[in-house]
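Coordinate-derived values only; no laboratory data. If you're wondering where the values come from, they're calculated on a predicted model, not measured in any experiment. Because the Cβ atoms are built from the backbone with ideal geometry, glycine has one as well, and the counts that use them run over all protein chains shown.
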Amino acid sequence: MAERFQYNLTRDETVAKAKEIAKEYARDGMTLTLRQLYYQFVGRGLELNDDKVYNRLGATLTDARYDGRFPINHLEDRGRDTGSGDWTTNDDDVDDALDNSADAIKSCPYWYIRRSRWWGQEKIVSVWVEKEALAGVFEQPCTDLGVSLFPCKGYPSVSALTAWLKSATQAREAFHHEFGWAPDPIILYFGDHDPDGFEIPRAALRGLYRLQKLDGHDFDIDMQRLALNLNQILKYKPPPFPAKKTSSRYASYKKEHGIDDAWELDALEPRVLRQLIRDRVTAHFDQATHARNQAHIRDLRRDLRDRIQDPNWLAQVLTGA
């Protein structure tokens, strides 16, 4: 008789259900991590919320991926960088070079003359997520909306905070040079509902202000926690796990929230997370300002294209005269 897991799933049934869930999300352009897939099993009543179940699911799918029963690209691991290099070669071909040159001329006005989608907006927005493993869910909406994405990887390092602060400071200075005023940054934070999940953004904000003083800057940073919050837990009912009582922040967590349980951000539906980003980011975005920027850019692109089409200019460039 086939070995069965909790809730009467065989290994083959587990693989089949995992493929079904992964394909469902692939249709929305998302690749799940193993942790997210596991929470789909738990949330759909297919498995218990237990570390042993998670480990067993991982082992089952590892075997299934090696033997071809589960597609390799149905899961991603955002926490590891293989550092792969470029092992390709290019053959010299005049026709290809001409085609590439033609494409470059056509696209030049679009890649050369551009502005940030947030140019001239009253605020600059950045999305932070506690875990790099969830970056795959966040990347698409952040790219579409033109906002930066910062995976904290737990407590962010001083170097990471410095790099983020430098970027925000440069944006403010560019605004001030153009408009005479500088927008303050808003950080939309996503983290676990556990002792560290609440302390990470607070510690990061303290670090950012300390770094500001070192550089002689003084501007407000608005840290807004978008998830995971208690109202979302009550609404979506993700599976809980016991908060770590050994954590030095456990006592303050229990005092603040009056609960012993904790919840992982991974357990919230990826579609819900993406919609939270879209809704909150859009609330800070002024369409009229964006429309004015786009009209100005179109004028500049037409001017550039007219100049590129000047035969005398082209002859000068190609001959090196």
>> Longer than 28 Å from Cα to Cα, which of Lys213/Lys254; Lys19/Lys131; Lys19/Lys237; Lys123/Lys245; Lys23/Lys235 are they? Say none if no pair is.
In response: Lys213/Lys254; Lys123/Lys245
> Given the chain, what percent of its DSSP beta bridges are antiparallel, to the nearest 5?
Replying inline: 20
> With each pseudo-label sitting 7 Å past Cα toward Cβ, what's the Arg292-Ala203 distance in nm, one decimal?
Replying inline: 4.3
>> Take Leu48 and Ser167, extend 7 Å from each Cα along the Cα→Cβ direction, and tell me the distance between the two endpoints in nm.
In response: 4.3
> Rounded to the nearest 0.05, what FRET efficiency do Arg210 and Ala182 have when you use their Cβ-Cβ distance and R0 = 30 Å?
Replying inline: 0.90
> In nm, to one decimal, how far is the Glu139 label point from the Asp260 one, both placed 7 Å along Cα→Cβ?
Replying inline: 4.1
> What shape does the chain take by its C-alpha gyration tensor, where a ≥ b ≥ c are the square roots of the eigenvalues and a/c under 1.5 counts as rounded, a/b above b/c as prolate, and the rest as oblate?
Replying inline: oblate
> Quick one: putting +1 on the C-beta of Lys and Arg, -1 on the C-beta of Asp and Glu, what dipole do you get for the chain around its Cα centre, in Debye to the nearest 20?
Replying inline: 1160
> What full-extension length gain, to one decimal in nm, is calculated for Asp103 and Ala251 as 0.36 nm per residue of separation minus the Cα-Cα distance?
Replying inline: 47.2 nm
>> For Val129, what residues show an amide H to amide H distance below 5 Å, using hydrogens built from the backbone and excluding near sequence neighbours?
In response: Phe150, Cys152, Phe190
> How do the peptides 35-47, 226-238, 63-75 rank, highest first, by the average count of neighbouring beta carbon atoms within 10 Å per residue?
Replying inline: 35-47, 226-238, 63-75
> Out of residues 5 or more away from Asp261 or on other chains, whose amide H comes under 5 Å of its own, with H placed 1.01 Å from N in the peptide plane?
Replying inline: Ala243
>> Under the rule of at least 5 residues apart or a separate chain, name every residue whose amide H is placed under 5 Å from the amide H of Ile124.
In response: Asp184, Ile186
> If you take the charge dipole of the chain about its Cα centre, with +1 on Lys and Arg Cβ and -1 on Asp and Glu Cβ, which of Ala171, Thr33, Leu46 is farthest toward its positive end?
Replying inline: Leu46
>> With θ taken as phi - 60° and the coefficients 6.51, -1.76 and 1.60, list the Karplus ³J(HN,Hα) couplings across region 191-199 in order, rounded to whole Hz; mark glycine and proline as x.
In response: x, 5, 9, 8, x, 6, x, 8, 7
> Where does each of 48-54, 147-153, 123-129, 203-209 land if you order them by average Cβ count within 10 Å, highest first?
Replying inline: 123-129, 147-153, 203-209, 48-54
> Which of the peptides 159-167, 283-291 is most tightly packed, and how do the rest follow, going by the mean number of other Cβ atoms within 10 Å of each residue?
Replying inline: 159-167, 283-291
> Once phi is turned into ³J(HN,Hα) by the Karplus curve 6.51 cos²θ - 1.76 cosθ + 1.60 with θ = phi - 60°, what whole-Hz value does each residue of region 15-27 show in order, with x for glycine and proline?
Replying inline: 5, 5, 5, 4, 5, 4, 5, 4, 5, 4, 6, 4, 5
>> Using only the alpha-carbon atoms, how far is helix 270-283 inclined from the longest principal axis of the chain? Give it as 0 to 90 degrees, nearest 10.
In response: 40
>> Given axes a ≥ b ≥ c from the Cα gyration tensor, I'd like to know whether region 6-74 is rounded (a/c under 1.5), prolate (a/b larger than b/c) or oblate.
In response: oblate
>> Test of understanding: what is the full-extension gain from Asp306 to Gln275, defined as 0.36 nm times their sequence separation minus their Cα-Cα distance?
In response: 7.0 nm
